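Since the structure comes first, as structure tokens, the remarks are kept for the end.
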Amino acid sequence: MLSDKSVQALLDKYSVSAFSDRTDALLTGANRSAATMDAIKSYILDRGLKPGDPLPTEAKLCADLGVARSSVREALRKLEALDIVSVQQGRGSFVGNMTMRPLVETLILRNALDHSTGKATLRHVVATRRTLDLGIAEEVVNHFKNTHNPDIHALVDAMTQKAERGETYLDEDIAFHNALNSFSGNTLTQQLMSAMWLVHQAFLPHLDAPQAESLLITAKTHGDMIRAAEAGDLKAYKEAVNAHYGPLAKLIDLDT
């Protein structure tokens, strides 16, 4: 657990004013690319820019920051890799979508390299998914209470039919979970849940193929989830969420 001193150090490092205060000092050091990245982040924060908003031209950034064009270009390339900046040929640079894509790619690579611990990364991802699902349970139940949602039930029916044929149902699965949390105004939670789902699906080919019985159980628990939410039964909804992860938890030795 982080100490109060460590927490304050992190807050100081990533505060809006910190980016501006550190820029001049950083630019005199060896790591001009990192300093330029911080300066561009500061520009975005100070002006409250949103995804899609334009950034200054390379020439203006060079003049304002007092660095060579090569430093600006390198900083923009690195920020683009983090989805903080989008560089469009012939149009310039813009604020990126700031999605969880870099996190997804890092976790997938980590798992590919993680030969020594096998399923450890996937266990962490699935545990995080389950925690997020349970964390928004009350919101989901409150939102869907006393409603009927034929589109969501149709997804459950499609999953069940595929499971009965021994087929997987990835498209219906993500559509179901997106439908359950799309009403929330918390975009960070939505992005985290989608990111964990993507990483989870990327890991699946490295596992033993799920048995038809497990596919069917998981499909039907999706139906239990939406019915419990529509009935306003929080306890039943949480039980259905845990049951939904049951077959996978056994496959990857996740404590249930």
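Observations
- Some residue of the range 180-194 being more than 27 Å from residue 99 (Cβ to Cβ), part of a helix (DSSP H, G or I), touching a residue at least 40 places away in the same chain (Cβ under 8 Å) and open to solvent by 50 Å² or more (accessible area, probe 1.4 Å): no
- Condition check for residue 61 on (1) more than 15 Å from residue 87 (Cβ to Cβ); (2) at pLDDT 85 or above: one failure, at (1).
- Leading residue by the ranking (modelled with the highest pLDDT) among those in the range 27-42 that are farther than 11 Å from residue 71 by Cβ and open to solvent by 60 Å² or more (accessible area, probe 1.4 Å): 28
- Among the residues of the range 143-164, those that are within 14 Å of residue 229 (Cα to Cα), surrounded by 12 or more Cβ atoms within 10 Å (Cβ to Cβ) and of a type outside the set (A, V, I, L, M, F, W, C) comprise 143, 145, 149, 153.
- Among the residues of the range 82-94, those identified as closer than 19 Å to residue 34 by Cβ and modelled with pLDDT of 85 or more are 84, 85, 87, 93.
- Filtered by the rule that a residue be more than 16 Å from the chain's Cα centre (by Cα) and either at pLDDT below 80 or among the acidic types (Asp, Glu) (or both), the range 172-188 gives 172, 173, 183.
- Top-ranked residue of the range 199-244 - restricted to ones that are under 15 Å from residue 126 (Cβ atoms) and at pLDDT 75 or above, ranked as most open to solvent (accessible area, probe 1.4 Å): 242
- When we screen 107, 79 for residues that are surrounded by 19 or more Cβ atoms within 10 Å (Cβ to Cβ) and at pLDDT below 80, the only hit is 107.
The values are calculated or read from the model by the stated rules, or taken from the named source; none is laboratory data. Keep in mind that this is a model prediction, so the values were computed, not measured. Glycine also receives a Cβ, built like all others from the backbone with ideal geometry; neighbour counts cover every protein chain displayed. Note: accessible area is taken over every heavy atom of the protein model, side chains too, but ligands, DNA and RNA are not part of it. Shrake-Rupley method; radii C 1.70, N 1.55, O 1.52, S 1.80 Å.
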